[in-house]
Structures are given as C-alpha cells and as structure tokens.
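Below is one structure, written out as structure tokens, with a few remarks after it.
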Amino acid sequence: MHELGIAQGILEIVRQYVPEAQAGEVRAIKMRVGEMSGVVPDSLDFCFGAIVADTAYRGAFLAIERVATRCRCGACGREFSVDHPAFVCPDCGSPRVTLVAGSELQVVEVELAEARAEAP
Amino acid sequence: MSVVTIERKVLEKNDTIAAQNRARFAQHRLFVFNIVSSPGAGKTSLLERTIEHLKGRLRMAVVEGDVQTDFDAQRVARYGVPVVQIVTHGGCHLEARLVQDALASFDLAAVDLLVIENVGNLVCPANYDLGEALKVVALSTTEGDDQPLKYPGMFRNASVLVINKIDLLPYVNCDVATIRRHALQINPALTVFETSCTTLAGIPAWGEWLAAQVAAARA
C-alpha cells in the first residue's frame with residue numbers, strides 16, 4: 001500500500017511545472033503505469049483524490065495509461081508481450097530476455113483548462 | 001485546453017538518492033545486499049546464521065527495516081554487529097532516503113558487508129532501489145511453491161533466491177524443484193541457495209558465496 005506516497009510524488013512533480021497560481025486550471029494528469037510497477041491504478045486514483053482535495057490542485061485527476069509487460073529476446077531479437085508469468089521467448093525458447101515495457105511509473109503531461117502554461 | 005509536457009519518473013527522487021548511496025558504497029568498496037521476503041520467511045534468522053558463519057572473517061553491519069518494534073535490531077546486536085533499526089510506522093517498504101539517514105550511524109570504512117533487511121513484503125520493495133549491489137529474495141517452504149509466479153516483480157528484480165526452512169519439507173505441501181522451476185521461469189539468472197537456520201544446512205554454501213562477493217567488491 002504505497003500508493004499514497006506515489007500520489008504525493010505525482011503532485012510534487014506537477015507543482016514544479018504548474019505554479020500554485022495556475023493550480024485551478026489543472027485537469028487531467030496523464031500517467032503511464034506499467035503492469036510490473038507494483039502500483040494498483042484504482043488505489044492510486046483514490047489516494048490522489050484524497051491528497052489533492054485540500055489543495056489548490058483539487059480539480060486535477062489522473063488519466064492512467066496501463067502499459068503491458070513486453071520483453072525483447074536477446075537471442076533472436078523478437079519482441080513479445082508477457083501475458084502470463086513466463087519470461088521466455090515464444091519463438092526460440094531463449095530465457096535471455098530483457099524487459100522493454102511494463103515497469104513504467106511516469107507523469108507524462110498535464111492538461112490545463114484555460115490559460116496557457118509554459119514548462120520551465 | 002493546453003498541455004504541459006512533463007515526462008518524469010515518479011520515483012526519480014528515490015533513484016537519485018539510491019545512486020548517491022551506491023556511490024558511497026563504491027567509495028568504501030563495500031558489498032551491500034537488500035534482503036526481501038514476505039513476513040516470517042526467516043530473513044533475520046538467516047542473518048544470524050550468516051553472522052555466525054562469517055564471524056572473525058568479515059566486518060558486517062546491518063540496517064533493519066520494520067513497520068514496528070526494534071526486535072530484529074536487538075537480535076542482531078547480540079552478535080556484536082553494528083545495527084540500525086528503521087521503523088517505518090506503517091510504511092510497507094524502505095526508501096533510499098531512510099537508508100541514507102541510517103548510514104550516518106556507521107563507520108563505513110570499518111565495514112566489509114552491509115546488509116539491508118527490508119520490511120517483510122513481496123510487492124513494494126521490488127520497485128525501490130536503495131543503492132544495493134543486488135537484491136536477495138528469501139522464500140520459506142511454508143509459503144508454498146507458487147510464490148514466484150504470484151510475485152513476479154520481486155523475483156524478476158532479485159539476483160539471488162534463498163529457499164529457507166528446508167528442514168520443514170517433510171511437513172509442508174511444497175516442492176523445492178517446483179519453486180526452482182517457477183522462479184527460473186520468471187528470472188533464469190537467479191542464483192539459488194537452499195537453507196535451514198535450524199539444521200544449518202546450506203548456510204556454509206550461502207556464506208562462502210557472500211564472502212566471494214565481498215572479496216570481489218574489495219578487489
């Protein structure tokens with residue numbers, strides 16, 4: 001249950017890009033959350049709602065894009081999705097695979113309702 | 001509607017501090033591992049047996065992470081090993097900042113092997129780098145042989161698997177070969193040990209492997 005800390009981290013990052021004066025304009029915060037990130041989207045959504053409620057950013061909400069786990073085979077180069085827990089290449093059977101997607105936990109962008117904002 | 005591009009990792013602050021910890025460990029040529037498991041798998045018992053095995057050969061220090069109490073630190077302190085207890089007060093994992101603060105209590109120049117015992121939890125600690133050289137996941141035979149498939153993130157991020165409480169195999173519905181097969185399916189690069197902290201089976205092999213890691217870090 002560390003989604004509360006993650007939610008605080010998200011708000012902290014958004015604060016660096018959108019100053020308090022513009023806080024009321026923040027709407028969707030686009031997130032990329034991998035299946036292997038250990039974060040439960042519903043729980044993160046709930047925690048974020050709870051922590052912004054008492055701040056000037058209370059109009060903000062999370063728009064979470066779930067990223068499926070994908071691997072690349074080190075032997076044959078094939079890229080494949082891992083939908084059951086087995087990190088083995090389906091083509092050549094090699095276990096020498098590296099994770100290329102699925103561990104993301106990123107703030108991608110924020111949408112502002114009215115006035116323009118500029119990144120620092 | 002306008003859009004502000006951000007593209008930042010939420011855990012980047014933790015990662016930055018973890019990198020600082022790692023640089024400090026490298027400066028002192030210290031071998032550091034982060035041991036993780038579910039609650040009650042025997043992390044602290046394994047540490048006690050490890051301390052006994054390496055006594056007089058390596059200078060160890062331990063950071064203990066728990067949600068409440070300093071019971072584990074008291075156990076380790078009885079062996080005369082420098083130990084700091086981090087109490088997370090509900091936090092489900094250790095973060096790099098907590099470890100950085102704990103390091104202030106040690107003379108790192110007088111340590112060869114630093115062990116960070118994480119909070120008992122097979123989920124969250126997988127994603128928090130503390131600056132360690134590698135993660136060791138301990139799994140006890142009483143937990144069942146399907147744990148690696150249930151917690152793939154942890155087994156994928158670990159380098160070593162210690163299958164503990166093998167003395168209980170006659171009494172539990174668990175097959176070590178199945179644990180190995182499931183774990184290697186998630187992470188074929190895992191180094192696997194089988195131990196019992198009661199009979200001491202497997203403790204010498206594990207201890208000697210650790211001693212070799214420490215020697216490599218010193219070289």
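The values are calculated or read from the model by the stated rules, or taken from the named source; none is laboratory data. The structure displayed is predicted, hence computed values, not measured ones. With ideal geometry, Cβ positions are generated from the backbone for all residues, glycine too; neighbour counts draw on all protein chains shown. What goes into the accessible areas is simple: the full protein's heavy atoms, side chains included, and nothing from ligands, DNA or RNA. Shrake-Rupley method; radii C 1.70, N 1.55, O 1.52, S 1.80 Å.
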* To do: Determine which single condition A:Q16 fails, assuming it passes every other condition in (1) more than 9 Å from chain B (Cβ to nearest Cβ); (2) assigned to a helix (DSSP H, G or I); (3) out of contact with any strand residue (DSSP E or B) (no Cβ under 8 Å at 6 or more places or on another chain).
  => (1)
* B:I86 crowded, with 19+ Cβ neighbours inside 10 Å and under 13 Å from the mean Cα position of the chain (by Cα) -> no
* Structure fact -> When (1) touching a residue at least 60 places away in the same chain (Cβ under 8 Å); (2) aromatic (F, W, Y); (3) open to solvent by 50 Å² or more (accessible area, probe 1.4 Å) are applied to B:F31, the one that fails is (3)
* Output for region B:89-126, where each listed residue is surrounded by fewer than 18 Cβ atoms within 10 Å (Cβ to Cβ) and small (G, A, S) -> B:G90, B:A104, B:S105, B:A109, B:A110
* To do: Tell me, yes or no, whether region A:5-20 has at least one residue that is more than 30 Å from B:R180 (Cβ to Cβ), in contact with a helix residue (DSSP H, G or I) (Cβ under 7 Å, 6 or more places away or on another chain) and open to solvent by 60 Å² or more (accessible area, probe 1.4 Å).
  => yes
* Asked: Taking region B:182-202 on its own, how many of its residues are touching a residue at least 24 places away in the same chain (Cβ under 8 Å) and over 25 Å from B:S45 (Cα atoms)?
  -> 4
* Which listed residue, of B:L149, B:L139, is more than 10 Å from the chain's Cα centre (by Cα), away from every other protein chain (no Cβ under 14 Å) and farther than 14 Å from B:N34 by Cβ -> B:L139
* What number of residues within region B:182-203 satisfy the criterion of being touching a Lys or Arg at 6+ places or on another chain (Cβ under 7 Å) and either of a type in the set (D, E, K, R) or more than 28 Å from A:R96 (Cβ to Cβ) (or both)? -> 4
* To do: Of the numbered conditions (1) away from every other protein chain (no Cβ under 14 Å); (2) open to solvent by less than 60 Å² (accessible area, probe 1.4 Å); (3) in contact (Cβ under 8 Å) with a residue 12 or more places away in the chain; (4) under 30 Å from B:A96 (Cα atoms), B:A216 fails exactly one; give the number of that condition.
  => (2)
* Are any of the residues in region B:62-71 β-branched (V, I, T) and touching a helix residue (DSSP H, G or I) at 6+ places or on another chain (Cβ under 7 Å)? -> yes
* To do: Please give the strands (runs of 3 or more DSSP E) falling wholly within region A:35-107 in which 1 or more residues are in contact (Cβ under 8 Å) with a residue 40 or more places away in the chain.
  => A:61-67, A:97-101
